[in-house]
Amino acid sequence: LVDDLFEHLTPDDVHTRFFSTLRVLPRALRTRLTQIDYDREMAFVAVEESGADPCLVGMIHLLADPDFDVAEFAVMVRSDWQGRGVGHLLMRTILSHARRRGLRRVVGVVLNENRRMLDLARRIGFAVVHGRDPGTSELQLDLESLSPGPGPARV
């Protein structure tokens with residue numbers, strides 16, 4: 001299902017998610033996305049189940065630092081499912097998880113050209129600051145200042 005999700009990303013979406021021009025999902029990366037260390041990581045997926053076969057339409061990953069203070073997220077949504085609330089649902093789900101686990105802050109690195117992700121992050125409450133690398137922004141969210149919202153939901 002992860003390979004199918006990747007195959008349904010446009011080249012621009014691959015570039016904005018992986019910061020490269022991958023044509024196929026390397027086995028090592030697929031393994032890293034799907035075989036996680038549950039002590040410091042979590043991954044959630046969005047699945048479309050109305051058809052004959054389930055379809056993975058999005059996934060989000062969270063990796064905490066060794067002190068379990070700050071965690072970095074990464075999200076991807078199938079190109080033909082963007083704009084339907086899947087990214088917002090996945091973000092809300094991972095932030096709820098991070099809060100329950102006692103993390104203090106969630107961060108993410110986004111290419112400046114990824115306007116959709118930057119807009120979504122701002123709507124959720126992330127601060128957007130200049131990234132360490134040229135052409136990137138860092139998203140920062142202090143979970144203690146975030147008002148508790150509803151937990152995970154279905155689209």
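The values are calculated or read from the model by the stated rules, or taken from the named source; none is laboratory data. Note that the coordinates shown come from a computational prediction; the quantities given were computed from them, not determined experimentally. In this analysis, Cβ positions are derived from the backbone assuming ideal geometry, glycine residues included, and neighbour counts consider all displayed protein chains. Surface areas here come from the heavy atoms of the whole protein model, side chains and all, with no ligands, DNA or RNA. Shrake-Rupley method; radii C 1.70, N 1.55, O 1.52, S 1.80 Å.
May I ask for the percentage of alpha-carbon pairs in the chain that lie more than 25 Å from each other? Write out the running numbers ahead of the final one.
Values: 3215 of 11935 pairs.
It works out to 27 percent of all Cα pairs.
Take Ser79 and Ser50, extend 7 Å from each Cα along the Cα→Cβ direction, and tell me the distance between the two endpoints in nm.
Going from the Ser79 label point to the Ser50 one covers 2.2 nm.
Could you please put Arg17, Arg100, Arg132 in sequence from largest to smallest accessible area, using a 1.4 Å probe?
Working: Arg17 55, Arg100 155, Arg132 220 Å².
Per-residue accessible area, sorted high to low, gives Arg132, Arg100, Arg17.
Determine the sum of side-chain charges near Glu144: Lys and Arg each +1, Asp and Glu each -1, restricted to other residues whose C-beta is under 10 angstrom from that of Glu144. Present the calculation step by step, with values, prior to reporting the outcome.
Values: positive: Arg99, Arg104, Arg105; negative: Asp142.
Residues near Glu144 contribute +2 overall.
To the nearest µm²/s, what D does Stokes-Einstein give for region 47-90 at 4 °C and 1.567 mPa s, using the Kirkwood radius over alpha carbon pairs as Rh? Working shown, then result.
Details: Rh = 12.0 Å.
The estimated diffusion coefficient comes to 108 µm²/s.
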